[in-house]
Amino acid sequence: MNDFKTILRRQVLPARKVLSSALWEERNRLLAPKVVEFITRDSAKVIHSFLPIERNKEVNTWPIIKDLISRNLKVVVSSTDLEKEQMLHFYYHPQLKFRLNRLKIPEPINAEKADTSTIDIVLIPLLAADKQGNRIGYGKGYYDRLLQDLPKVNKVGLTLGPLFDEFSFAEAHDIKLDYCITPFEIYQCQ
């Protein structure tokens, strides 16, 4: 089962990395308003957002975060304790400073620790997802652990590519997405 995930990771990430800057920017420009529309329609108050790994051409969440803050919503961002393989969560504010960790993930410096029990929506980075809500990330399990601790949150995957119809290798213990937002659609999974 895991072999198929590995193969897909080895295909999707390199393909995304070679997207032209123009196409990457266009897809982000189309995606951002869909994410904000979904969040405001959902009446969420506290949103957990990933911060993009630029070298991997992940979804650019910076404009989304700034738009949400301008609407007086709270945004929670994370830093990664790579040794303990866990994420630590902090409130975002416009004056917050960031540094890149050794994996080139932006992390907040001297931020206020967040109360994760108040999170309504978790925005999840994806390498790929299917229409049933099965997701593939980088394989380290950081979001699996976060989502286990927050069973009632709305789980929303963000991807710049289209959704697959169905992954035949999904496992019963995998935590599925509730929604997936692409530049092309807001898709309700499951």
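The values are calculated or read from the model by the stated rules, or taken from the named source; none is laboratory data. What you see is a predicted model, and the numbers here were worked out from it, not measured in a lab. Don't worry about glycine lacking a Cβ; one is built from the backbone with ideal geometry, like all the others, and counts go over all protein chains shown.
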- [ ] Would you check if there is a residue in the stretch 101-108 being more than 20 Å from I7 (Cα to Cα), at pLDDT 95 or above, more than 13 Å from the chain's Cα centre (by Cα) and polar (S, T, N, Q)?
- [x] no
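Looking only at the stretch 15-52, count every residue that is among the polar types (S, T, N, Q), assigned to a helix (DSSP H, G or I) and within 15 Å of the chain's Cα centre (by Cα) and tell me the total.
Count: 1.
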Task: Of all residues making up the stretch 53-70, the number that are in a helix (DSSP H, G or I), at pLDDT below 95 and either touching an Asp or Glu at 6+ places or on another chain (Cβ under 6 Å) or not basic (K, R) (or both) - done: 2
Task: Single residue of the stretch 128-155 satisfying the filter (crowded, with 22+ Cβ neighbours inside 10 Å, hydrophobic (A, V, I, L, M, F, W, C) and in contact with a helix residue (DSSP H, G or I) (Cβ under 7 Å, 6 or more places away or on another chain)) that is nearest to Q86 (Cα to Cα) - done: I136
- [ ] Filter the stretch 115-140 down to the residues that are among the small types (G, A, S) and in contact (Cβ under 8 Å) with a residue 40 or more places away in the chain, then identify the one that is farthest from Q11 (Cα to Cα).
- [x] G133
Task: Residue check for L158: more than 24 Å from W24 (Cβ to Cβ) and crowded, with 16+ Cβ neighbours inside 10 Å - done: no
TODO: Could you grab the pairs with beta carbons closer than 8 Å, sequence gap of 6+ or different chains, first residue in the stretch 1-30 and more than 30 Å from E171 (Cβ to Cβ), second one at pLDDT 85 or above and of a type in the set (K, R)?
DONE: W24/K57
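This table checks each residue for (1) in contact with a Leu (Cβ under 6 Å, 6 or more places away or on another chain); (2) at positive phi; (3) touching a residue at least 24 places away in the same chain (Cβ under 8 Å).
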{"site": "A44", "(1), (2), (3)": "no, no, yes"}
{"site": "S49", "(1), (2), (3)": "yes, no, yes"}
{"site": "E58", "(1), (2), (3)": "no, no, yes"}
{"site": "I69", "(1), (2), (3)": "no, no, yes"}
{"site": "V76", "(1), (2), (3)": "no, no, yes"}
{"site": "F90", "(1), (2), (3)": "no, no, yes"}
{"site": "Q95", "(1), (2), (3)": "no, no, no"}
- [ ] Just name the residue that is nearest to F184 (Cα to Cα) out of those in the stretch 1-39 that are at pLDDT below 95 and of a type in the set (V, I, T).
- [x] V12
Task: Within the stretch 85-103, considering residues that are charged (D, E, K, R) and exposed (fewer than 11 other Cβ atoms within 10 Å of the Cβ), the one farthest from R55 (Cα to Cα) - done: K97
TODO: Check off (1) in contact with a strand residue (DSSP E or B) (Cβ under 6 Å, 6 or more places away or on another chain); (2) surrounded by fewer than 19 Cβ atoms within 10 Å (Cβ to Cβ); (3) of a type outside the set (S, T, N, Q) for V59 and give me the number that stays unchecked.
DONE: (2)
Open item on the list: Considering only the stretch 75-84, I want to know if a residue exists there that is surrounded by fewer than 18 Cβ atoms within 10 Å (Cβ to Cβ) and among the small types (G, A, S).
Closed with: no
